[in-house]
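This report concerns only the one structure given below.
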Amino acid sequence: MSLTTRQKGVGLAAAVVAAGLLTAGGIWMFSGGGQLVTYPIAPEAEALRNTAYRIEARPLRGEWRELDVYNVKIDPDFQQNSSDDDPVIDSPMVLFDFTGGVQVRVRRADGGPISSAQAHPASKKLPLKMEDGTAVLTLRQPGKVTLSLDGDRQRMVYIMAGTPEEAPAPDDPNVVRLGPGVHTFPETGTEGMKGGIRDAAVYTRALTAGELEEYGRGELPEGPDAWWPLAEDFADKAGDKDGRPVGNPSIAADYGPPALCLDGHDDAVPTGYALQTGENAYTLTARIYLDPARPGVENVVFSGLLAVRSDGVLYTNLGSWEYPFFSTDKVPMGAWTDVALVKQGMELTFYINGRAAGTEQRALPKTAASLLLGAGGVSHDFCLMDNQTLYLEPGAVVKGRILAYGVKNAAVRGRGVVWQSPGQSIVSLYAENLRVEGITILDPCSMCSHLCESDGVTFTDVRMFSRLGATDGVHIKASRNVAVEDCFIRSNDDCIAVYASFTHYTGNAENIAVRRCTLINDAAHAIYGGIHAAPGGQDVIRGLTFEDIDVLDSKAGYSDYQGVLALNAANDVTIDTVLFSDIRVEDFQKNQLFNLRVWNNPDYCKSSGRAIRNVTFRDIAYTGDNALMSVIHGDGPERQVEGVTFERVVLNGRRVTGPGSDFLIGNYTKDIRFQ
């Protein structure tokens with residue numbers, strides 16, 4: 001019998017157990033009605049295995065079964081890791097599901113004794129005992145538990161025990177299943193365009209207003225350095241930088257005249273042309289058609305150099321990727337439109353249909369920017385489609401990025417692992433109703449998840465571990481109706497971060513809820529909101545709820561980035577109506593417990609925020625000795641922190657009834673109450 005772990009019902013599981021065929025992974029049924037589902041590490045993914053520990057599980061009355069032990073990499077110090085040469089701690093993690101009760105036994109593989117152990121969250125008061133140099137934990141219900149052995153809070157043992165899932169039907173046409181083994185995705189375009197491109201060209205001079213007016217009438221100016229007519233093929237008719245199709249772009253008449261047609265998911269055409277961005281003068285031009293069947297998403301013309309924001313505004317990253325230059329007019333949908341970007345000295349000017357659409361002075365570095373047609377870049381992504389589920393079977397390991405770009409009603413679920421993604425692991429851009437359930441994210445090169453201009457995204461029962469750079473757990477920008485529930489996050493930056501507009505993503509952040517989660521941040525904050533917004537705008541971050549949360553550890557080396565629970569308003573954003581409730585914070589290494597500031601962060605921002613108001617901290621308990629003084633302050637009489645209530649906040653068993661020595665309440669604050 002071959003075990004693929006694709007779809008095992010109770011009958012099949014019982015038959016397999018009776019046949020004695022399950023070893024390190026499988027489904028175990030017990031006479032008392034309990035069930036233990038274990039998940040093996042595929043032979044192709046042995047690099048994921050931790051060999052320093054042996055971990056077993058059994059029902060409350062039954063035989064021990066050995067579990068495959070995954071390796072989790074952790075950043076141990078106060079400096080954010082930026083490369084594989086930086087310090088790292090290897091820690092063991094096991095994944096299994098069960099019903100009924102279960103015991104877990106942890107021992108060192110070299111036979112060395114474990115003298116003591118502590119189970120976290122401490123609030124759960126989980127039964128834990130020592131037996132012959134091993135630690136034995138009893139679980140009567142699923143949960144995400146860590147054990148600190150011999151007083152070492154860094155080298156934790158991660159026990160991720162869930163409820164058995166119901167796998168999708170094997171014949172569901174809307175499900176893409178990845179089975180046991182290591183999976184890499186083919187080369188794809190990323191953040192692409194849905195529509196058409198014709199007559200894309202590069203000039204090594206600044207076209208005049210008259211030439212661009214002629215271009216707007218359909219006449220191509222003379223002397224391009226590169227010219228891709230895109231009427232018959234991908235060839236450069238002015239030079240030797242022929243395009244190379246990635247994905248499945250085509251030359252077709254989908255939008256009238258023959259043109260490069262792109263599907264808005266994984267299509268791209270790298271050209272090999274390297275634009276010298278610091279040169280004194282150049283011009284990028286193209287004729288584009290934005291498909292009205294797919295509104296509300298970004299459409300990229302020349303990688304990040306010339307693109308259309310989700311609201312039709314042109315933008316370029318030249319000079320600053322954090323603060324792009326935006327056009328004053330918009331590109332219409334459903335009509336062929338001529339667009340151009342002209343650089344003359346330090347002056348950048350957009351043109352739409354031959355008319356100037358904004359000018360800005362920018363100093364540009366002398367770098368070479370590779371030109372791609374129709375996409376922001378080239379990667380190895382799985383691009384979700386509308387109404388599609390990507391199911392990661394037990395034992396499946398994905399090395400790549402999972403991208404939900406402008407899709408609706410998509411899902412990523414299963415018991416598989418997303419490992420060492422080259423960028424963010426889960427990316428939701430302009431998506432609606434995206435579900436992420438049951439998976440584990442390990443060691444991404446960027447954020448574990450990144451949500452921008454999305455609506456209705458849920459994370460349920462997801463485990464996230466990161467240790468490189470500013471690798472947030474759930475990073476939210478300009479999105480609404482987001483829920484993060486029953487998740488475990490250990491991140492090398494903020495576990496949860498909520499922002500408004502940033503770069504070319506625009507809008508408020510609203511109705512964000514985080515519940516029943518366990519958090520550890522190895523830099524900055526466990527929960528954070530603010531900082532990123534459109535300077536000079538009216539962005540709002542509001543309707544945030546954080547409740548029933550355990551914070552097991554937290555550390556932040558720099559005072560400007562402290563606060564286990566923090567709200568910092570900058571770039572003219574207003575933060576309004578936030579509830580922190582039923583949050584238990586264990587002793588951490590170094591941080592402030594609370595930090596609420598209206599300020600201008602010089603590292604990222606151009607202006608101070610407008611206000612923080614209507615914030616409630618209710619039933620917050622901290623036990624420990626390393627909390628620094630919490631800080632609350634505004635930044636002027638019109639930029640205040642106001643309407644903040646601390647209700648039943650308990651520090652080491654002492655209820656806080658006033659600021660005392662626990663809080664530094666600075667200027668420009670109003671109506672700060674302790675109850």
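Taken together, the values in this text are just the output of simple stated rules run on the coordinates, not laboratory data. The model shown is predicted, which means the values in this text are computed figures rather than measured ones. In this analysis, Cβ positions are derived from the backbone assuming ideal geometry, glycine residues included, and neighbour counts consider all displayed protein chains.
General remarks:
- Dividing the helix sum by the residues of the chain, where each DSSP H run of 4 or more adds -39500 (n - 2.57), gives a mean residue ellipticity at 222 nm of -1000 deg cm²/dmol.
- Rounded, prolate or oblate (a/c below 1.5 giving rounded, otherwise prolate when a/b exceeds b/c) for region 391-450 by Cα gyration tensor: oblate
- Loop GluC sites (Glu not before Pro), region 28-135 (other Cβ atoms within 10 Å of the site Cβ: 14 or fewer; DSSP): GLU63
- Computed over the alpha-carbon pairs of region 511-646, the distance histogram in 5 Å steps reads 2, 11, 21, 24, 20, 14, 6, 1, 0 percent, short to long.
- Computed over region 497-562, the P(r) tail beyond 17 angstrom holds 52 percent of alpha carbon pairs.
- In this structure, the residue pairs whose Cα-Cα separation is over 26 Å, taken from LYS124/LYS408; LYS194/LYS408; LYS343/LYS606, are LYS124/LYS408.
- Kirkwood-based shape ratio for region 554-601, expressed as Rg/Rh from alpha carbons: 1.00
- Taking each residue as 0.36 nm, the span from TRP64 to ALA169 lengthens on full extension beyond its C-alpha to C-alpha distance by 34.7 nm.
- Hydrodynamic radius (Kirkwood) for region 226-317, which is based on Cα pairs only, to one decimal in Å: 14.3
- Cα gyration tensor shape for region 208-365, rounded if a/c is under 1.5, else prolate or oblate: rounded
- Crossing angle, helix 10-19 versus the chain [Cα axis fit, 0-90 degrees, rounded to tens]: 60
- Across region 441-467, the residues whose backbone nitrogen lies under 15 Å from the label position 7 Å along the beta-carbon direction of TRP321 are 445-447.
- Note on SER123 and ARG673: their simple-model spin labels are 2.3 nm apart, each label 7 Å out from Cα toward Cβ.
- FRET efficiency estimate (nearest 0.05) - Cβ-Cβ, THR657 to GLU547, R0 22 angstrom: 0.45
- Remark: the chain carries a charge dipole of roughly 1940 debye about the Cα centre, counting +1 on each Lys and Arg Cβ and -1 on each Asp and Glu Cβ.
- Projecting the Cα atoms of VAL615, VAL573, GLY529 onto the charge dipole of region 524-616 (Cβ charges, centred on the Cα centre) puts VAL573 farthest toward the positive pole.
- For region 82-128, the pair-distance distribution built from all alpha carbon pairs, in bins 5 Å wide starting at 0, is 4, 10, 16, 24, 16, 14, 9, 4, 1 percent.
- Subtracting the Cα-Cα distance of ALA209 and GLU187 from their residue separation scaled by 0.36 nm leaves 4.0 nm.
- Assigned charges on the beta-carbon of Lys, Arg, Asp, Glu; region 207-261 dipole about Cα centre (debye): 220
- Coarse-grained scattering of region 284-337 at q = 0.16, 0.24 Å⁻¹, given as base-10 log I(q)/I(0) from a Debye sum over alpha-carbon atoms: -0.43, -0.94
- Across every pair of non-identical alpha carbons in region 567-658, the mean reciprocal distance, once inverted, gives a Kirkwood radius of 14.0 Å.
- Directionally averaged shadow of region 409-512, computed from the convex hull of its alpha-carbon atoms, nm²: 5.6
- Rounded, prolate or oblate (a/c below 1.5 giving rounded, otherwise prolate when a/b exceeds b/c) for region 102-227 by Cα gyration tensor: prolate
- In the chain, a dipole from Cβ-located charges (positive for Lys and Arg, negative for Asp and Glu) runs towards its positive end, and of CYS517, SER123, PRO245 it is SER123 whose Cα lies farthest in that direction.
- Taking the centroid of alpha carbons for each part, region 282-357 and region 380-404 are 31 Å apart.
- Semi-axis lengths, Å, region 276-433, gyration tensor of Cα atoms, sqrt of 5 times eigenvalues: 34, 19, 11
- Among SER491, PRO602, GLY223 - extreme Cα towards positive end, dipole of the chain, charges at beta-carbon: SER491
- As a ratio to 2.2 N^0.38 Å, the alpha-carbon radius of gyration computed for region 129-186 takes the value 1.78.
- Å³ per residue enclosed by the Cα convex hull of region 338-413: 158
- DSSP beta bridge pairing in the chain, given as percent antiparallel to the nearest 5: 45
- Stokes-Einstein translational diffusion, region 462-590 - Kirkwood Rh over all Cα pairs, 0.692 mPa s, 37 °C, in µm²/s: 228
- Neighbourhood charge, 9 Å Cβ-Cβ cut-off, centred on TYR215 and excluding it, Lys, Arg +1 and Asp, Glu -1: -4
- For the chain, the share of alpha carbon pairs falling in successive 10 Å distance bins from zero is 3, 15, 23, 23, 18, 12, 5, 1, 0 percent.
- Normalised alpha carbon radius of gyration of region 606-675 [divisor 2.2 N^0.38 Å]: 1.18
- Assigned charges on the beta-carbon of Lys, Arg, Asp, Glu; region 71-134 dipole about Cα centre (debye): 580
- Distance (nanometres) between label positions extended 7 Å along Cα→Cβ at ARG244 and VAL650: 6.3
- In a fully extended conformation the segment linking ALA368 and TYR558 would gain 65.0 nm over its present Cα-Cα distance, using 0.36 nm per residue.
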